[in-house]
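**Q** Can you keep this structure in mind? I'll have questions shortly.
The values are calculated or read from the model by the stated rules, or taken from the named source; none is laboratory data. What you are looking at is a predicted structure, and each value in this text was computed from that prediction instead of being measured. Note that we place each Cβ from the backbone using ideal geometry, even for glycine, and neighbour counts take in every protein chain shown. SASA here: full protein model, heavy atoms, side chains in, ligands and nucleic acids out. Shrake-Rupley method; radii C 1.70, N 1.55, O 1.52, S 1.80 Å.
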Amino acid sequence: MQWHAQLAWLGDRVASDVLIEAEGERITRVAPGVPAPESAQRLPGLTLPGLANAHSHAFHRALRSRVQAHSGTFWTWRDQMYKIADRLDPDSYRALAAAVYAEMALAGISCVGEFHYLHHRPGGDPYDEPNAMGEALIAAAADAGIRITLLDACYLAGGIGEPLTGPQLRFGDGTAGNWARRVGSLHEETDKAGRLHARVGAAIHSVRAVPREQLGAVASWAKEHRAPLHVHLSEQPAENEACLDAYGLTPTRLLAESGALGALTTAVHATHLTEDDIGLLGTTMTGVCMCPTTERDLADGIGQARDLANAGSPICLGSDQHAVVDLFEEARAVELDERLRTRARGHWTAGELLAAATSNGHYGLGWPEAGRLEPGAYADLVTVALDTVRTAGATAGSGPDYAAEAAVFAATAADVRHVVVSGRQIVHDGRHLLIDDVPAALAAAIAAVTGDDTDTAPDPE
């Protein structure tokens with residue numbers, strides 16, 4: 001297989017006339033400054049490695065627009081999310097997730113980290129196949145043609161010292177030991193079945209949802225299996241206050257005490273941190289996943305991404321609740337939100353933000369061989385048009401000089417034209433090749449789990 005990119009981002013620069021060759025799933029050659037062979041597929045625009053969406057809750061996509069229609073807080077938003085969670089079963093979840101993952105593919109995303117905690121039947125009884133919901137998500141990623149890291153979440157409590165209630169009962173396994181046995185079975189089955197598009201990792205939902213004495217068991221399972229471990233961290237000041245009141249520690253310090261930080265761990269959000277927290281995350285090389293469109297939609301706050309990166313934490317990106325699915329928007333928001341926080345410009349280069357959207361995200365999801373255009377890497381290609389109303393003129397008279405900046409600071413998901421995942425074309429000229437009508441698939445799947453009788457207005461505060 002051969003592709004000829006008009007321009008390609010090679011990690012440290014944008015190069016012109018780049019010939020990319022692959023055998024099977026892997027790139028074998030990347031050669032800049034080469035005329036296009038007749039056999040090569042032309043890729044006009046800027047070609048990037050596949051994007052990695054490091055934090056997704058697929059079923060939250062059903063909330064788009066509905067929860068933006070009313071005021072409220074993170075906690076009233078959460079109540080509406082629980083109503084959707086209580087309606088899903090393996091079949092409806094597969095249909096919804098496949099449509100959401102196809103939307104991601106159209107946005108240039110080749111790999112998703114699905115933070116999965118919707119495990120059991122309503123009321124908490126296991127399905128006959130205990131991992132039926134996780135299996136549905138793995139199948140949905142295959143339906144959409146992208147790779148997935150299923151981050152199976154341990155979720156045992158409704159808050160520190162509080163039992164699970166209502167829809168939360170679907171999330172719980174009783175103990176971390178029970179969780180480990182269930183996720184261990186899914187991990188083994190995924191390997192045995194040869195699902196090359198899927199890997200299984202672990203998640204601690206939050207220090208609110210996993211008691212102190214159970215945290216170490218989750219961290220130990222991830223270390224034993226060399227699996228990525230993700231955790232919602234300090235998303236809300238109330239979480240920090242509850243943790244300090246209960247344990248006398250910040251959530252970050254509690255995770256450190258439990259052995260949950262390290263290079264295979266990614267903290268999601270990390271919005272409300274102390275200087276000590278930032279130092280702990282950085283010195284342990286714990287990654288941090290920023291989800292700016294969700295953090296601003298829920299009025300969570302602006303995280304200290306630059307300080308975290310300076311301390312040693314690799315930064316990656318996620319679309320979380322999918323208020324929009326657009327990693328270009330997430331990438332530029334890291335810089336633009338930092339400008340609002342500091343009232344100064346120029347904290348991140350376009351290259352650093354592209355790395356957050358590609359190589360850093362893949363590493364945090366346990367796919368270190370992806371996210372780069374180089375021999376040996378997965379043949380994941382995303383081509384962004386440079387002739388749309390948003391991007392036109394960026395390279396006029398300057399060749400490749402400002403192409404990366406055009407992608408990060410001007411392009412949107414709508415400018416993605418071609419997507420190749422593991423050497424297989426998934427999107428051609430902006431059209432998904434596996435799911436014929438993605439908007440229709442989304443509409444049908446969302447209608448099936450919302451229904452006309454669903455009250456999505458938040459309760460008054």
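**Q** First compute the accessible area of region 228-327 with a 1.4 Å probe, then give the percent of it belonging to carbon and sulfur atoms. Numbers along the way, then the final one.
**A** Numbers: 1610 of 2950 Å².
C and S fraction of accessible area: 54 percent.
**Q** Quick query: amide H of Leu273 versus all other amide H atoms, modeled in the peptide plane; which residues come in under 5 Å with a sequence gap of 5 or more or a different chain?
**A** Close amide H contacts, sequence-distant or interchain: none at all.
**Q** If you take every DSSP beta bridge fully contained in the chain, what fraction is antiparallel? Give it as a percent rounded to 5. Could the numbers behind the result be given before it?
**A** Values: 27 of 64 bridges.
Among the beta bridges of the chain, antiparallel pairing accounts for roughly 40 percent.
**Q** Shape of region 109-234 from its Cα gyration tensor (a ≥ b ≥ c, root eigenvalues): rounded if a/c is under 1.5, otherwise prolate when a/b > b/c, or oblate?
**A** On the way: a/c = 1.74, a/b = 1.45, b/c = 1.20.
Judged from the Cα gyration tensor, region 109-234 comes out prolate (a/c at least 1.5, a/b above b/c).
**Q** May I pose another question? What ranking do 195-201, 49-55 get when scored by the average of other Cβ atoms within 10 Å per residue, highest first?
**A** Details: 195-201: 20.6, 49-55: 31.6.
The peptides rank, most packed first, as 49-55, 195-201.
**Q** Follow-up. With all protein chains present, calculate the accessible area of Tyr378 using a 1.4 Å probe and round the result to the nearest 10 Å².
**A** 10
**Q** To continue, here is another question. At q = 0.34 Å⁻¹, what log₁₀ I(q)/I(0) does region 278-320 have when each alpha carbon counts as one equal point scatterer in the Debye sum?
**A** Result of the Debye calculation: -1.08.
**Q** Whole-Hz ³J(HN,Hα) for each residue in region 76-81, computed from phi via Karplus 6.51 cos²θ - 1.76 cosθ + 1.60 with θ = phi - 60°, x for glycine and proline: what do you get?
**A** Result, ordered by residue: 6, 4, 4, 4, 6, 4 Hz.
**Q** Quick check: the angle from helix 237-247's long axis to the longest principal axis of the chain, C-alpha only, nearest 10 degrees?
**A** Helix 237-247 and the main axis of the chain meet at about 50 degrees.
**Q** Could I ask something else about it? Counting Lys and Arg as +1 and Asp and Glu as -1, what is the net charge of the other residues whose Cβ lies under 15 Å from the Cβ of Gly159?
**A** Working: positive: Arg78, Arg208, Arg212; negative: Asp79, Glu162, Glu235, Glu239, Glu241, Asp245.
Neighbour charge sum, excluding Gly159 itself: -3.
**Q** Oh, and also: For Thr47, what residues show an amide H to amide H distance below 5 Å, using hydrogens built from the backbone and excluding near sequence neighbours?
**A** Under 5 Å from the amide H of Thr47 lie the amide H atoms of Leu7, Ala8, Trp9, Val384, each far enough along the sequence or on another chain.
**Q** Just the accessible area for Arg42, please: 1.4 Å probe, Å², rounded to the nearest 10?
**A** Approximately 120 Å² for this residue.
**Q** I would also like to ask the following. Starting from region 202-268, pick out the trypsin sites (Lys or Arg not before Pro) whose DSSP state is loop and whose Cβ has at most 11 other Cβ atoms within 10 Å. Don't skip to the answer; put the middle values down first.
**A** Numbers: sites: Arg208, Arg212, Lys223, Arg226, Arg253; in loops: Arg208, Arg226.
When the trypsin sites (Lys or Arg not before Pro) of region 202-268 are filtered for loop state and at most 11 Cβ neighbours within 10 Å, Arg226 remain.
**Q** Got a number for the accessible area of Met290? Probe 1.4 Å, square angstrom, nearest 10.
**A** Roll a 1.4 Å probe over it and Met290 shows about 10 Å².
**Q** With the cut-off at 1.5 for a/c, could you classify region 278-393 from its C-alpha gyration tensor as rounded, prolate or oblate?
**A** Oblate.
**Q** Right, here's the next one. Over all directions, how big on average is the projection of the convex hull of the alpha-carbon atoms in the chain, in square nanometres? Can you show the working numbers first?
**A** Working: hull surface 84.1 nm².
Computed as one quarter of the Cα hull surface, the answer is 21.0 nm².
**Q** How much accessible area per residue does the chain have, counting only protein heavy atoms and a probe of 1.4 Å, in square angstrom? Write out the running numbers ahead of the final one.
**A** On the way: 16820 Å² over 461 residues.
It amounts to 36 Å² per residue over the chain.
**Q** How do Val14, Val389 stack up against each other in accessible area, from largest to smallest, with a 1.4 angstrom probe? Show your work: numbers first, answer last.
**A** Details: Val14 30, Val389 140 Å².
These residues rank, largest area first, as Val389, Val14.
**Q** Suppose we keep just the DSSP beta bridges with both residues in region 1-142; what percent of those would be antiparallel, to 5? Mind showing how you got there, number by number?
**A** Values: 12 of 21 bridges.
Restricted to region 1-142, the bridges split so that about 55 percent are antiparallel.
**Q** Let me ask something else about it. Short version: ³J(HN,Hα) in whole Hz for each residue of region 88-97, in order, from phi by Karplus 6.51 cos²θ - 1.76 cosθ + 1.60 (θ = phi - 60°), x for Gly and Pro, what are they?
**A** Here the 3J(HN,Hα) series is 7, 10, x, 5, 5, 6, 4, 4, 5, 5 Hz.
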